[in-house]
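Notes for the one structure printed next.
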Amino acid sequence: MTTIPHTIAALDVPLADVAQQVACDVLRKARAATNSPSDALAYSLDLFLVTHPKAPVSADPDYPGFADWVAQQQKKNDDARRAR
């Protein structure tokens, strides 16, 4: 027989925990449903990041100039598409 909590507060779960659980469920279902190995890997990595929010990830200061280089490449791509 299960015991009944004395108050509704005993059943409360922080909203952040619920949101994380929903995100994990969505990612697991998407990973299970895909036929693409690269998509499955992406879902697995996303799941890791959701469950380990303090995992070290790279940021712009880690790669100085990279964001500018990407912006230049995107501009070149846009210009080439417009030239057609």
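Taken together, the values in this text are just the output of simple stated rules run on the coordinates, not laboratory data. Keep in mind that what you see is a predicted model, and the values were worked out from it rather than measured. Here the Cβ positions follow ideal geometry from the backbone for every residue, glycine too, while neighbour counts run over all protein chains shown.
Given Cβ point charges of +1 (Lys, Arg) and -1 (Asp, Glu) and nothing else, what value in debye, to the nearest 20, does the dipole of the chain about its Cα centre take?
On the way: 9 positive and 10 negative charges, 91 e Å.
Value, rounded to 20: 440 debye.
In units of 2.2 N^0.38 Å, what is the alpha-carbon radius of gyration of the chain? Don't skip to the answer; put the middle values down first.
Working: Rg = 21.5 Å, N = 84, 2.2 N^0.38 = 11.8 Å.
This ratio for the chain stands at 1.82.
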Worksheet item: Is it possible to state the helix-based mean residue ellipticity at 222 nm for the chain, with each DSSP H run of 4+ residues giving -39500 (n - 2.57), the sum divided by total residues, to the nearest 500 deg cm²/dmol? What is it?
Response: -21000 deg cm²/dmol
Item to complete: Please determine, in degrees from 0 to 90 and to the nearest 10, the orientation of helix 15-33 with respect to the longest principal axis defined by the Cα atoms of the chain, where the helix direction is its Cα long axis.
Response: 60 degrees
Item to complete: For a footprinting-style exposure proxy, rank Y43, Y63 by other Cβ within 10 Å, fewest first.
Response: Y63, Y43
Worksheet item: Nearest 10 degrees, 0 to 90: what angle lies between the long axis of helix 37-51 and the longest principal axis of the chain (Cα atoms)?
Response: 60 degrees
Item to complete: Would you kindly state how much longer the chain becomes between D46 and A32 on full extension, computed as 0.36 nm times their sequence separation minus their alpha carbon distance, in nm to one decimal?
Response: 3.7 nm
